[in-house]
1. Identify the residue in the range 65-96 that is within 22 Å of the chain's Cα centre (by Cα) and assigned to a loop (DSSP other than H, G, I, E, B) and, among all such residues, is surrounded by the most Cβ atoms within 10 Å (Cβ to Cβ).
2. When R223 is evaluated against the numbered criteria (1) surrounded by fewer than 16 Cβ atoms within 10 Å (Cβ to Cβ); (2) in contact with a Cys (Cβ under 7 Å, 6 or more places away or on another chain), which criterion, by number, is the only one it fails?
3. Condition first: of a type in the set (A, V, I, L, M), touching a residue at least 24 places away in the same chain (Cβ under 8 Å) and surrounded by fewer than 23 Cβ atoms within 10 Å (Cβ to Cβ). Now tell me which residues in the range 19-39 satisfy that.
4. Suppose we keep only residues that are within 18 Å of N187 (Cβ to Cβ) and of a type in the set (A, V, I, L, M) within the range 258-287. Which one would you say is surrounded by the fewest Cβ atoms within 10 Å (Cβ to Cβ)?
5. List the pairs whose first member sits in the range 289-300 and is closer than 11 Å to T114 by Cα, whose second member is open to solvent by 60 Å² or more (accessible area, probe 1.4 Å) and part of a loop (DSSP other than H, G, I, E, B), and whose Cβ atoms are under 6 Å apart, counting only residues at least 6 apart or on separate chains?
6. I need the full set of residues from the range 241-257 which are crowded, with 17+ Cβ neighbours inside 10 Å and under 19 Å from the mean Cα position of the chain (by Cα), in order please.
7. Which numbered condition in (1) among the acidic types (D, E); (2) more than 21 Å from E144 (Cα to Cα); (3) surrounded by 14 or more Cβ atoms within 10 Å (Cβ to Cβ); (4) at pLDDT 90 or above is the only one that E104 fails?
Amino acid sequence: MSLNYLATRFQCSWPWTTLVMLCDGRLVCGCADPYGRRALGDARVAPVHEVWTGPTVTALRADLNVGGSKFCGDCPLKLPLKKDEAAPVRSLDAGALPSRMYIECTAACNISCTDACCAPETGITRTRQAGMLDVDLFHRVVDEVGASLVRIDFFNYGEAFLHKRAIEMCEYIKTKFPHIYLYTSTNGLALTEDQARRLVHSGIDEVTFSIDGATPESYAKYRQRGRFDVAVRNLRAMADEKRRAGRDLPFLNWRYILFVWNDSDEEMNQARALAADSGVDRLCWELTDHPENAYSRRFVPGSPDLEAIRHEIWDDSGLGNAMPGATPRAQIDVRTLVPGVPLFGRAGRPMSVRTRIRNLSARPFPAQATHGRRLVRLGAQLCDTNGVVINRDFARAWLPQALAPGKETDVAIEIPSPEQPGRYALKFDLVYEGVDWFERCGSPTTMKSLWVR
């Protein structure tokens, strides 16, 4: 294949993992195709597995294996390759079905975000052949792919909960396939308070509310026609229902895009206080370079202000949190008879290492969780003597119970000694299972030398 028409060579893993179903049933490649220009097939006329193993997606994978495809067009999901970097080569056979799907209930929206590609004024709804996702089609697709899916993102363009049966769809997914991690993002305005409370009991795992401001005035500058009080009321209702029912799910995010009109210390601190009072699990800032006259100049890359909130940014890690004390931090002490002496082991023989963990944050570390995600465990990563990670998931140990803020506990972790003798290092860190390591949001780790005989 000639790549002369490509401005840059690139790679992308989406065609090996993920399909996006538009509300009219077309299956597209990637979540950055607002107008449905890159269709791989149509679930209305063919089973999903025929599309996923069909000639269009197979040709796309073959193109990407040599550094790019004309099919991708201006898709922003492309990852540029360096001048002499070879494209990763993956099998053209990606299995019978994808492991992840986005499901779009509708491309319609109840507000108009300033200069957004999906605002009603762009005519996005005219690019769909149906206004709302057909429920029978939804059932057929979920029934076919559900057993193979790890995750469903229950949104795309438009506001999902404008569909009158959206909550019922969430309930259907989690009833038939409880193993699927079900996530949605919403402006929160299409829900009544009763519906917000019902959504808590649907089994959904995570819900993100997009609320860009801490006052009605600044919020409405971007979310035009939006009502700040309704969005916050529904966020509060979900948090309250979780508490009332004693549930640990859904995990509730408040995502706040920073603009020139809402990025002052005063308003950001007001959002922090409101988030803490509402009972939300996580408040994170999001950076944007759009609209051109509105993005935050205060938090541009390289600025001291950005560095000060780096671990509070949505894309920085899965754990950073803008609420005071909510970002997880821990102190890990490795207990040895002689301080400063390396750990010793014999090749192929496990060894037990004693540690003491202290919670330095303002929230407890959960030792158990409903679906095995967002529980905290101690991890030991195998590294070389320079600290370069060889095996990130080398060993794990459970906490004996939830660890309250400011408290400490002793944890023994069994380490499987490497088969090859030599000198190594162990990096001890805590991990929120299925989310991220504490180190990624600024928590200190502990390194210990390991000599294997």
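1. K78
2. Tallying (1) surrounded by fewer than 16 Cβ atoms within 10 Å (Cβ to Cβ); (2) in contact with a Cys (Cβ under 7 Å, 6 or more places away or on another chain), R223 fails exactly one: (1).
3. Correct list: A32 only.
4. L274
5. Close Cβ pairs satisfying both conditions: P291/D115; A294/V260.
6. Of everything in the range 241-257, those that are crowded, with 17+ Cβ neighbours inside 10 Å and under 19 Å from the mean Cα position of the chain (by Cα) turn out to be L249, P250, F251, L252, N253, W254, Y256, I257.
7. (2)
Quick grid of which residues meet (1) in a helix (DSSP H, G or I); (2) over 25 Å from H371 (Cβ atoms):
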| residue | (1), (2) |
| --- | --- |
| A395 | no, no |
| P405 | no, no |
| A412 | no, yes |
| E419 | no, yes |
| Y424 | no, yes |
| K427 | no, yes |
| L430 | no, no |
| G434 | no, no |
| R440 | yes, no |
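The values are calculated or read from the model by the stated rules, or taken from the named source; none is laboratory data. Only a predicted model underlies this, so the values are computations on that prediction, with no experimental measurement involved. Glycine also receives a Cβ, built like all others from the backbone with ideal geometry; neighbour counts cover every protein chain displayed. SASA here: full protein model, heavy atoms, side chains in, ligands and nucleic acids out. Shrake-Rupley method; radii C 1.70, N 1.55, O 1.52, S 1.80 Å.
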